[in-house]
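The values are calculated or read from the model by the stated rules, or taken from the named source; none is laboratory data. Everything numeric here is computed off the predicted structure, so don't read it as measured data. Cβ placement follows ideal geometry from the backbone for every residue including glycine, while neighbour counts extend to all protein chains displayed. These accessible areas exclude ligands, DNA and RNA; they are computed on the full protein's heavy atoms, side chains included. Shrake-Rupley method; radii C 1.70, N 1.55, O 1.52, S 1.80 Å.
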Amino acid sequence: MFDSKIFASRLHTARKAKGLTQQQLAKQLMLSTQAVSKWEQGKAVPDIFNLCSLADVLQTPLESLLGTTTSGDPA
């Protein structure tokens, strides 16, 4: 099951590991900084297209961001 708090934490960690600010990440995704901020606070979640873009920009497996393995079990 998807947990927005786990996603928020993993997104924040992955963004920091790439040395990006929320503003820089938002610019690469062509979104507002507020959208990225809400995702990192667990107040909102990105749609499937933005999830895929996040994984690409952060060079992180989607399963890692979501906190799941490819079998669907929690990581």
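Calculate, in nm to one decimal, what Lys43 and Met1 gain on full extension: separation in residues at 0.36 nm each, minus their alpha carbon distance. List each step's numbers first, then the result.
Details: separation 42, 0.36 × 42 = 15.12 nm, distance 1.71 nm.
Stretched fully, the Lys43-Met1 segment lengthens by 13.4 nm.
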- Any idea how far apart Cys52 and Ser32 come out in nm if each label point goes 7 Å out from Cα toward Cβ? 2.5
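Please work out the average accessible area per residue across segment 11-70, using the 1.4 Å probe convention, and give it in Å².
Roughly 59 Å² per residue, with all protein chains present.
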- Message: Placing one identical point scatterer on every Cα of the chain and ignoring solvent, what is log10 I(q)/I(0) from the Debye formula at q = 0.12 Å⁻¹?
- Response: -0.27
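With the full set of protein chains in place, find how many percent of the accessible area of the chain is carbon and sulfur; take the probe as 1.4 Å.
Values: 2620 of 4730 Å².
Carbon-and-sulfur percentage of accessible area, whole number: 55.
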